[in-house]
Amino acid sequence: MSDTNGPGALLKRIRTWLVLFVVCLVLSGLTAFPLVTELRLLDSALTGWAAPVADALPGLAEWIHRVRGGLEDADREAPYLLYGNDWLAFAHLVIAVAFYGVWRDPVRNVWVVEFGMIACVGIVPLALICGPIRDIPFWWSVVDMSFGVFGILPLLLVRRLIKRLEAATTAAAAPEAVPAA
């Protein structure tokens with residue numbers, strides 16, 4: 001029977017959660033590049049096959065339509081504005097790469113997980129401060145804040161597992177106490 005709390009099992013659980021987190025981070029980044037196309041598709045869906053969703057959530061449908069129009073205007077009149085969104089997407093990908101260090105040596109690179117946790121917490125004040133400044137509906141700011149909440153959960157677990165791994169490997173490496181003669 002394998003030890004589910006041994007260093008090997010802990011490392012496997014850490015890496016499984018890391019893969020989930022990194023995949024979500026990469027997908028979040030990759031979907032930021034084609035934002036204009038995505039909003040066109042989403043807006044079209046809300047007036048087509050997903051009309052029941054638009055009927056149930058008219059505020060969402062109106063918001064998506066407004067954002068689509070703004071992005072299309074920016075893309076047509078000032079495409080350089082969307083370059084900031086490209087940087088956002090790139091930042092997601094770069095941050096995802098940093099987690100490779102945690103994959104290689106979780107104990108030594110636990111700081112990357114803690115950095116990620118700080119970033120997740122930082123989403124909340126960003127949304128609460130910048131949302132109203134940018135005329136973002138509060139309910140959409142709540143959606144944005146949920147990324148921080150859902151992002152921090154696996155990172156909290158990974159950090160806890162890393163601390164357990166650190167304790168297990170430290171205990172295993174400690175020399176046996178030698179009785180006094």
(request) Quickly run through segment 114-149 and pick out the residues that are touching a helix residue (DSSP H, G or I) at 6+ places or on another chain (Cβ under 8 Å), open to solvent by 80 Å² or more (accessible area, probe 1.4 Å), closer than 27 Å to K163 by Cβ and free of Cβ contacts under 8 Å to residues at least 60 places away in the same chain. (result) F115, V121
(request) Evaluate the following for I152: is it exposed (fewer than 12 other Cβ atoms within 10 Å of the Cβ), assigned to a helix (DSSP H, G or I) and within 16 Å of the chain's Cα centre (by Cα)? (result) no
(request) Check whether at least one residue in segment 104-113 is open to solvent by less than 30 Å² (accessible area, probe 1.4 Å), within 20 Å of R15 (Cβ to Cβ) and aromatic (F, W, Y), and report yes or no. (result) no
(request) Would you tally the residues in segment 54-69 being surrounded by 13 or more Cβ atoms within 10 Å (Cβ to Cβ) and in a helix (DSSP H, G or I)? (result) 10
(request) Could you please let me know if R40 is open to solvent by 80 Å² or more (accessible area, probe 1.4 Å), free of Cβ contacts under 8 Å to residues at least 40 places away in the same chain, charged (D, E, K, R) and closer than 30 Å to E166 by Cβ? (result) no
(message) Could you tell me how many of the residues in segment 1-33 are in a helix (DSSP H, G or I), open to solvent by 40 Å² or more (accessible area, probe 1.4 Å) and free of Cβ contacts under 8 Å to residues at least 40 places away in the same chain?
(response) 6
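The values are calculated or read from the model by the stated rules, or taken from the named source; none is laboratory data. Computed from a predicted model, the values in this text were never measured in an experiment. Neighbour counts are summed over all protein chains in view; Cβ atoms, including those assigned to glycine, are modelled from backbone coordinates with ideal geometry. We work out accessible area using only protein heavy atoms, side chains counted, and drop any ligands, DNA or RNA first. Shrake-Rupley method; radii C 1.70, N 1.55, O 1.52, S 1.80 Å.
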